[in-house]
Structures are given as C-alpha cells and as structure tokens.
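Here the structure is laid out as structure tokens; the discussion comes afterwards.
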Amino acid sequence: MTKSSYSAPVALRADQAVQRGPAVQFLVDGCTVRAFGGESVAAALFAAGRRELRCSPRDGAPRGLFCLMGSCQECLVWVGARKLLACQVPVAGGLEVETLPFREERHG
Ligand code: FES
C-alpha cells in the first residue's frame, strides 16, 4: 500500500441538494484526507479514492469496504490507540487513522 493510493480524484460526492457538515481534515497513514462533518471515516476514504484498508491474513488479498454498517469487519483500522471499524467512526478534524498494514510496517 503506497501513499499514491490517496491521490485519486475526488469526484464521488454528490454536489447538489446535499447539506454538508463543516470541512475537516484528518490523517490516514500520515496523509491528509479532506472530509465533511457527518461523514464516516470509511465514506471519506472512499471519496478520496482509497479502496484497500488491509490484507487478508489468509492469502494477502486486499480487503476494503463491504457492508458499511459494522457487520463485516473488513474496514478495521487503527484510530489512535484503538482498532475500530472505519464505517462506524465519524470524521473529526485532527483524527489520526492508520491502516493495519501501515501500522504493522511502522511498528513491526
Ligand atoms: S464495511 Fe463492513 S464493518 Fe465496516
């Protein structure tokens, strides 16, 4: 997983007839991600073009968002010192999120 995976164009959010929360920025694997209050970390990552959040422990296949309702556990990320489901965590300015591979690479 590279930092280049964060640079996909952001054109996935609907632009019309949507009232958004305030613009916020948070960090994912050390990269700034722009989002809006009221979005989940998962939604912000999807809008930013990020699809892979971890790898399958069985075969190393990339894993990412699937159910978006807290059931599948595929979106597990580190948020500060806790492992949480990205689809269940609301974005907040200054939030620090790390994907599992990034965290393992950083901490061994
Ligand atoms: S996407 Fe399934 S638990 Fe988050």
remark   = With a 1.4 angstrom probe the carbon and sulfur portion of accessible area for segment 23-96, in percent, totals 54 percent
remark   = Under the helix-only model (-39500 (n - 2.57) for each DSSP H run of 4 or more, divided by the residues of the chain), the mean residue ellipticity at 222 nm, to 500 deg cm²/dmol, is -3500 deg cm²/dmol
message = Just to confirm my understanding: which cysteines in the chain have no other cysteine beta carbon less than 4.7 Å from their beta carbon?
response = Cys31, Cys55, Cys75, Cys87
message = Only Cα pairs within less than 10 Å get springs; with that Gaussian network setup on the chain, which residue of Leu45, Leu53, Leu27 has the largest fluctuation?
response = Leu27
ask   = Given H placed on each backbone N at 1.01 Å, which residues far from Phe36 in sequence or on other chains put an amide H within less than 5 Å of it?
value = Val24
Descending principal axes extents, segment 23-96, alpha-carbon based, whole Å = 37, 24, 24
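In the neighborhood of Ala23, defined by Cβ-to-Cβ distances under 13 Å, what is the net charge if each Lys or Arg adds +1 and each Asp or Glu adds -1?
+2
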key: Estimated distance in nm for a label pair at Arg58 and Arg82, the labels positioned 7 Å out from Cα along Cα-to-Cβ   = 2.9 nm
key: Low-density loop positions, trypsin sites (Lys or Arg not before Pro), segment 32-84 - DSSP coil, at most 11 other Cβ in 10 Å   = Arg58
query = So between Gln73 and Ala17, what do we pick up on full extension, going 0.36 nm a residue minus the alpha carbon distance?
reply = 17.0 nm
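The values are calculated or read from the model by the stated rules, or taken from the named source; none is laboratory data. Treat the numbers as computed from the prediction; the structure is a model and nothing was measured. Here the Cβ is made from the backbone with ideal geometry for all residues, glycine too, and neighbour counts use every protein chain on show. Accessible surface is based on the protein model in full, side chains and every heavy atom, while ligands, DNA and RNA are left aside. Shrake-Rupley method; radii C 1.70, N 1.55, O 1.52, S 1.80 Å.
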